[in-house]
Amino acid sequence: MEKLVSMQDICKIYNPGENEVRALDHVSIDIYPGEFVAIIGQSGSGKSTLMNMIGCLDVPTSGTYILHGADVSKLSDDELSDIRNREIGFIFQGFNLIANLTAKENVELPLIYRGVPQKERHELSETALAKVGLEKRMTHRPSEMSGGQQQRVAIARAIAQAPPVILADEPTGNLDSASSKEILGVLKQLHSEGRTIILITHDNGIAAQAKRVIRIMDGKIVEDFQNSGETLKEEEKPKPAENRSEQELSQLFDDAAAVIGKENRPDAQPEKQPEVQETKEVEENGRE
Ligand code: ADP
Ligand code: MG
């Protein structure tokens with residue numbers, strides 16, 4: 001199968017000379033169509049630099065990068081921008097939506113830049129928004145949507161013209177855990193439909209959801225392995241209520257008591273047991 005991303009011996013050096021930073025140090029990566037790859041590393045390890053290279057936002061100091069059959073290591077800015085628009089769908093941590101445009105207009109914007117005719121633009125954006133479950137939010141502006149919904153708009157924007165590579169840089173970094181799950185669910189769905197996804201993260205739990213994990217440290221690839229399905233399922237399992245520790249249960253009761261007033265604490269008035277149980281249920285539902 002033809003490689004989508006093929007990096008050979010890539011180095012990126014910032015500030016060449018005395019204070020030089022070797023952000024990428026002889027990195028070689030091959031990614032094939034249909035893969036779901038997480039690139040993981042700590043802050044400062046070189047993730048963003050690598051993302052900039054993969055996404056043709058910057059060029060390496062040395063080495064070769066073949067993207068979808070084209071050598072992009074030595075292209076001009078204009079040529080880079082062309083290939084970027086054609087080959088890559090970007091998803092960023094901060095969503096990067098335009099505030100005064102609707103969801104549909106946000107998704108259509110890159111299609112306008114690509115010269116897609118209006119009718120096709122409407123079809124592509126509506127299909128993409130439906131794919132991420134936002135068919136009822138087409139005319140909403142970003143401020144009228146939750147963080148998870150905004151990131152789904154950004155995903156719709158990234159996939160609208162079916163680019164060969166979807167490149168996501170910390171896509172759940174600004175989201176709570178429920179919305180993060182939702183976004184990972186969408187990415188997994190896209191992967192199961194055959195899309196190629198490269199996800200950049202510092203979070204092991206998120207990387208564990210990908211099929212393949214590449215670990216970067218000090219600008220070098222230090223690990224590259226396939227995840228087993230079992231690991232993935234275990235990660236997804238919610239914690240069953242009966243496994244709550246004494247401490248957590250006691251905290252739940254305390255929280256509940258604070259809501260309805262101290263007189264209803266189970267230890268203060270044990271005879272009001274039914275009310276307390278009701279309260280606990282309310283508290284648990286409140287955490288959904
Ligand atoms: P990460 O995204 O994993 O946090 P980065 O790719 O942003 O890591 O940075 C890798 C290294 O390169 C860090 O030491 C960082 O300080 C340095 N670096 C990143 N961008 C620049 C730049 N434009 N100029 C100089 N040094 C940079
Ligand atoms: Mg970074």
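Any read-out appearing in this document is the output of simple, stated calculations on the displayed coordinates, not a laboratory observation. Since this is a predicted model, take the numbers as computed values, not measurements. Counting neighbours? That spans all protein chains shown, and the Cβs are built from the backbone with ideal geometry, glycine included.
Descriptive notes on the structure:
- Sites Ser177 and Met217 - FRET efficiency at Förster radius 25 Å, r taken between beta-carbons, to 0.05: 0.45
- Rough spin-label spacing in nm, given labels placed 7 Å along Cα→Cβ, for Ser76 and Glu2: 2.5
- Approximate spin-label separation Ala99-Thr64, in nm, with each point projected 7 Å along Cα-to-Cβ: 4.7
- Globularity index of region 5-230 is 1.01 (Cα radius of gyration / 2.2 N^0.38 Å, N = number of residues).
- Pairs of Lys residues in region 5-230, spaced 8 or more positions apart or belonging to different chains, with C-alpha separations under 21 angstrom: 16 in total.
- Contour minus Cα-Cα distance for His202 and Ala130 (0.36 nm per residue): 22.9 nm
- Net charge contributed by nearby residues that have their C-beta within less than 13 Å of His26 (K/R +1, D/E -1): 0
- Largest-first principal axis extents, alpha carbons of region 1-122, Å: 51, 35, 29
- Summary value for region 5-230: 29 percent relative contact order, contacts being C-alpha pairs under 8 angstrom separated by 6+ residues.
- Applying 1/(1 + (r/R0)^6) with R0 = 45 Å to the Cβ-Cβ distance of Phe225 and Thr139 gives a FRET efficiency near 0.50.
- Span from the region 151-216 Cα centroid across to the region 117-139 one, whole angstrom: 20
- 11 Å beta-carbon shell around Ser180, net charge (K/R +1, D/E -1): -3
- Selected from Gly17, Ser62, Gln118, residue furthest toward positive end of dipole (region 5-230; charges at beta carbon): Gln118
- Computed from the C-beta positions of Ser146 and Glu18, the FRET efficiency with R₀ = 35 Å rounds to 0.15.
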